[in-house]
1. Counting only pairs 8 or more residues apart or on different chains, how many lysine pairs in the chain have their Cα atoms under 24 Å apart?
2. Evaluate the Debye formula for the range 82-126 with equal point scatterers sitting on the alpha carbons, no solvent, and hand back log10 of I(q)/I(0) at q = 0.20, 0.32 Å⁻¹, in q order, two decimals.
3. Assuming 1.306 mPa s and 10 °C, estimate D for the range 171-236 with Stokes-Einstein, Rh taken as the Kirkwood radius over Cα pairs, in µm²/s.
4. Please get the size of the charge dipole for the chain, origin at its Cα centre, with Cβ charges of +1 on Lys and Arg and -1 on Asp and Glu, quoted in debye to the nearest 20.
5. Across the range 73-82, in residue order, what do the Karplus-derived ³J(HN,Hα) couplings come to in whole Hz, using 6.51 cos²θ - 1.76 cosθ + 1.60 with θ = phi - 60° and x for Gly and Pro?
6. Between the range 150-204 and the range 223-260, what is the separation of their alpha carbon centroids in Å?
7. Taking 1 over the mean of 1/r across every pair of different Cα atoms in the chain, what Kirkwood radius in Å do you get?
8. In debye, nearest 20: dipole of the range 202-260 around its Cα centre with unit charges on the Cβ of K, R (+) and D, E (-)?
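Nothing in this text is a laboratory measurement; each read-out follows from the coordinates by a stated rule. What you see is a predicted model; the values in this text were computed from it and never measured. Methodologically, a virtual Cβ is constructed for each residue, glycine included, from the backbone with ideal geometry; neighbour enumeration extends over all protein chains shown.
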Amino acid sequence: MIAKPILPFGLAAWVAVSVWAPVWRWESWLKSAALIVRPGADLRMMLDESVATRDRARLERVAAEVSAISGRGVPARAEVLDRVVESVRLGLLEAATEPLEQAKRVRPGHVATWIERDRAYLVLAASTSDDDAKVEYLNAAWWLWGDSDPVRPRSIGLWDWRGVKSERLAEMTAEIAGSEEYVGRRLDEAVDAWRQAEARSPHAVRPAVRLMDLLDRRGLAEAAAVWAAEAIRRDGLTGLDPIAGLTESERARAEALLAE
């Protein structure tokens, strides 16, 4: 009689471990990434505050911490510390991409993890002047949702990110020789993403504006004008909400497209 509860209890324990173990591992990898980048963020904040307040003592503390992390003596001069702190911050961010990759593998369907990973690579790409390194970071950041992918976004926010990211990839690659075809593909992906976002929020101004600008950039003036008119129409439904509606520059671009 005493042995009877063992099977249900054992089954419950097995289910709990199998379900929650991946979550625990995922959280552990995310915490590892956060702990890696925190010293760089703290140093940047301390340096900015010491410069703004002209706090010499704090500046010297920043120099001491940077010297300890970098393994070399760094003078307590703001212009020198600015460069070294940024280098340390970016180095730590690059180190944090590995636990972010691990977190992504544990929970491949968790979109926010992919977004944080993408943002890290985009920051690293923007920080380098080496074209080969930039391309490597941008390739790491690029991925698409497809029917067979574990991540299939349904919300406007997720398609918004894909549109933003595709545009950033295009912009960061535009100055690299021979990248015209790549840039064109990323811009077309951005157009598709904003169409998906628009379909999920047919009254939102932002997708209409992005489609207006992107189609104009792609040389599709008539299609851009259609979205310019739609952006203005939707702006009229926002009740002059400065957050939800058009900015002055967006309205100017829309009106210019309609005037052509």
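1. Value for the chain: 4.
2. -0.62, -1.10
3. Values: Rh = 12.4 Å.
Translational diffusion coefficient: 128 µm²/s.
4. 1240
5. Result, rounded to whole Hz: x, 10, x, 7, 10, 4, 5, 6, 4, 4.
6. The two parts, judged by their Cα centres, are 20 Å apart.
7. The Cα-based Kirkwood calculation yields 22.0 Å.
8. Working: 8 positive and 10 negative charges, 39 e Å.
Magnitude of the dipole: close to 180 debye.
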